Amino acid sequence: MKSSTYTYIISSGKGREALIIDPVIEHTDKYLKILKNLKFKNFS
């Protein structure tokens, strides 16, 4: 099923923390992979 939702990743450059806003549940693995590749910590 295609989603028309926009997902945002907001980060603090200094603390390497990131927040995922309005994620699509089917794409959770993609988001976490992006955070890992960019060396961010997810605190959402």
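The values are calculated or read from the model by the stated rules, or taken from the named source; none is laboratory data. Given the structure is predicted, the values throughout are model-derived calculations rather than measurements. Glycine also receives a Cβ, built like all others from the backbone with ideal geometry; neighbour counts cover every protein chain displayed.
Structure data summary
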{"read-out": "The stretch 1-22 residues that are at positive phi, paired with ones that are assigned to a strand (DSSP E or B) and surrounded by 12 or more Cβ atoms within 10 Å (Cβ to Cβ) (beta carbon under 7 Å, 6 or more apart)", "value": "ARG16/LYS41"}
{"read-out": "Odd one out for SER11, checked against (1) of a type outside the set (A, V, I, L, M, F, W, C); (2) at pLDDT below 85; (3) assigned to a strand (DSSP E or B)", "value": "(2)"}
{"read-out": "Residue in the stretch 1-10 that is of a type in the set (Gly, Ala, Ser) and touching a strand residue (DSSP E or B) at 6+ places or on another chain (Cβ under 8 Å) present", "value": "no"}
{"read-out": "Residue match in the stretch 22-42 (condition: part of a strand (DSSP E or B) and in contact with a Lys or Arg (Cβ under 7 Å, 6 or more places away or on another chain))", "value": "yes"}
